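Right, one structure below, let's go through it.
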């Protein structure tokens, strides 16, 4: 069974950084891309970027370049997203989602989401 | 960026009824390779989104045939027949044809 388990909720101060994790199981991590997506309260979903589990190759939404950095640890089948210079606009739920294929993109399995709250 | 516009924003339905949700894109979603990468997702209350339909009309594994997708170019529709309680939540369309990939604003399906 494919599972994506995300780390717990974060409360961070403005200007700080946070690293979110997405630990996977039930499939060959290095054969798939992982995407990260943002959902602000009551709002629609934004795609942040993708990272390939095999070689760590990345692709970003221009809007999130400089804000988000995606990495992977193949040894633990875990994907990470660093968010830097946090502001209130970064308060949101962040999802990791497996990308079936970058050539025919769709997100077939999602993590449970992690709430990031930026507040002093 | 491709703007995805969903209508209506909310929808009330009786159990057993049928509903349609519209999704329109600001640009054609036909990829250079001839495929159209339009997907539909359902986000149930308190849960993460789940994939229902991909490439306009293909049901994802395990998805009931009560869900059907159609459309082409810039105009797409999700139909749900014989609505069940487990179908309630927010439906999103999403496009993967052009970067950045984008989603519609969502349509909330509620019980009448």
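Computed from the coordinates by the stated procedures, all read-outs in this text should not be read as laboratory data. The model shown is predicted, which means the values in this text are computed figures rather than measured ones. For neighbour counting, all protein chains shown are included, and Cβ atoms are generated from backbone atoms with ideal geometry for every residue, glycine included.
Values for this structure:
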{"read-out": "Column: log10 I(q)/I(0), Debye, Cα scatterers of chain A, q = 0.10, 0.13, 0.16, 0.18 Å⁻¹", "value": "-0.27, -0.45, -0.69, -0.87"}
{"read-out": "Mean separation of Cα contacts under 8 Å, 6 or more apart, over the residue count of chain B: relative contact order %", "value": "39"}
{"read-out": "For chain A, built as a Gaussian network whose Cα springs stay under 10 Å, the top-fluctuating residue of A:109, A:52, A:94", "value": "A:109"}
{"read-out": "Shielding by other protein chains, A:35-48, mean Cβ within 10 Å", "value": "4"}
{"read-out": "Cα centroid of segment B:8-37 to Cα centroid of segment A:46-89, whole Å", "value": "29"}
{"read-out": "Residue B:99 paired with residue A:62, simple spin-label distance in nm, labels 7 Å along Cα-to-beta-carbon", "value": "1.1"}
{"read-out": "Inter-chain Cβ neighbour average for residues B:96-104, partner chain, 10 Å", "value": "6"}
{"read-out": "Per-peptide average of other Cβ atoms within 10 Å, ordering A:13-21, A:99-107, B:58-66, A:39-47 highest first", "value": "A:99-107, A:39-47, A:13-21, B:58-66"}
{"read-out": "Fewest-first sequence of B:72, B:39 by Cβ atoms within 10 Å of each Cβ", "value": "B:72, B:39"}
{"read-out": "Shielding by partners - mean other protein chain Cβ count within 10 Å, residues of B:40-52", "value": "4"}
{"read-out": "Relative contact order %, segment A:28-97, counting alpha carbon pairs below 8 Å whose residues are six or more apart", "value": "35"}
{"read-out": "Separation of alpha-carbon centers, segment A:90-109 and segment A:1-28, rounded to whole Å", "value": "13"}
{"read-out": "Rel. contact order, % - alpha carbon contacts under 8 angstrom, at least six apart, chain A", "value": "35"}
{"read-out": "Listed residues A:33, A:80, A:60, most fluctuating in chain A (Gaussian network, C-alpha, under 10 Å)", "value": "A:60"}
